[in-house]
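> The structure under discussion is supplied below as structure tokens; questions concerning it will follow.
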Amino acid sequence: MESPSLPPAPPAALLLSAADIAFELHRHEAIRTAEDIRTRTAFTEQERASSVKTMAFVTVPRGMVLAAVPGLARIRYGPLASALGVHRSVLKPADEEVLRQLDMEPGGVSPLCADPGVTVVFDSAVPLMGRVLCGSGWAQYTVEAESADIVRLAPNALIADIAVP
């Protein structure tokens, strides 16, 4: 009798495992919005406050950019553009096709990405947040790991003041 095969793991989980970094993987209904997180997951308010939200952008000439900020904060686009050395007008949200190229989907965007050409800009608060929740690449999984490990593992990481609480 054949044993059932396990579904593939989300990309962030694969990266963390390959780097031998301790993490937990949480499965839940697919999420895309802050309201989804509140209603479709079992995360407490405190856990949601200790999360890292990541948005994906495409810029010219830098290419793919992931911007990671504390979960309850908002990204400041001017400072993000400055950190990248580009004009604010060239920051364009990545569409679903671009996310698919990174094995990611809306609602699951992760600061952890295997593509060495991707730049990840972390708000200066993120490396000091301790244990955090963040996207796994897929909308139905969330990764929980140390923020310093996430920053260390990210390709082409930049640290800048890009968030407003």
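> Could you tally the net charge around Ser136, taking each other residue with its Cβ under 12 Å from the Cβ of Ser136, Lys/Arg +1 and Asp/Glu -1? Don't jump to the answer; show the numbers that get you there.
Values: positive: Arg27; negative: Glu24, Asp103, Glu105, Glu144.
Value of the local net charge: -3.
> Of all beta bridges DSSP finds with both residues in the chain, what is the antiparallel percent, to the nearest 5? Numbers along the way, then the final one.
On the way: 21 of 31 bridges.
Beta bridges within the chain, antiparallel portion: roughly 70 percent.
> If I model a spin label as a point 7 Å beyond the Cα along the Cα-Cβ vector, how far apart are those points for Ala18 and Asp36 in nm?
Modelled inter-label distance: 2.6 nm.
> Would you give the gap between the C-alpha center of segment 111-165 and the C-alpha center of segment 1-73, rounded to a whole Å?
With segment 111-165 and segment 1-73 each reduced to a Cα centre, they are spaced 10 Å.
> Let me ask something else. For segment 1-82, what does the alpha-carbon gyration tensor say about shape, rounded, prolate or oblate, given a ≥ b ≥ c as the root eigenvalues, a/c under 1.5 as rounded, and a/b over b/c as prolate?
Details: a/c = 2.22, a/b = 1.41, b/c = 1.57.
Note, shape of segment 1-82 comes out oblate.
> Moving on to the next point. Under the classification rounded if a/c is under 1.5, otherwise prolate if a/b is larger than b/c and oblate if not, where does segment 74-165 fall, given a ≥ b ≥ c as square roots of the Cα gyration tensor eigenvalues? Before the final figure, lay out each step's value.
Working: a/c = 1.61, a/b = 1.09, b/c = 1.48.
Oblate shape, in that a/c is at least 1.5 and b/c is the bigger or equal ratio.
> Among Ala22, Thr59, Leu99, whose Cα sits farthest toward the positive end of the charge dipole of segment 1-112 (+1 at Cβ of Lys/Arg, -1 at Cβ of Asp/Glu, about the Cα centre)?
Of the candidates, Thr59 comes out farthest on the positive side.
> Would you mind calculating the relative contact order of the chain from Cα pairs under 8 angstrom and at least 6 residues apart, reporting the percent as a whole number? Don't jump to the answer; show the numbers that get you there.
Numbers: 351 pairs, mean separation 50.5, N = 165.
The value is 31 percent.
> If you average the sequence gap of Cα pairs under 8 Å that are 6 or more apart and divide by the length of segment 19-113, what percent do you get for the contact order?
Details: 100 pairs, mean separation 25.2, N = 95.
Relative contact order for segment 19-113 comes out at 27 percent.
> Further, regarding this structure: Leu25 label point, 7 Å along Cα→Cβ, cut-off 15 Å on backbone N: hits in segment 143-164?
Backbone N within reach: 143-145.
> What's the percent breakdown of Cα-Cα distances in the chain across 5 Å bins, shortest bin first?
2, 9, 20, 23, 21, 14, 7, 2, 1, 1, 0, 0
> Can you tell me how much longer the chain between Ala9 and Arg48 gets when fully stretched, taken as 0.36 nm per residue apart minus their C-alpha distance, in nm with one decimal?
Numbers: separation 39, 0.36 × 39 = 14.04 nm, distance 2.26 nm.
Length gained between Ala9 and Arg48: 11.8 nm.
Since every read-out is calculated from the coordinates, none of them should be taken as a lab result. Worth saying up front: this structure is predicted, and the values here are computed from it rather than measured. With ideal geometry, Cβ positions are generated from the backbone for all residues, glycine too; neighbour counts draw on all protein chains shown.
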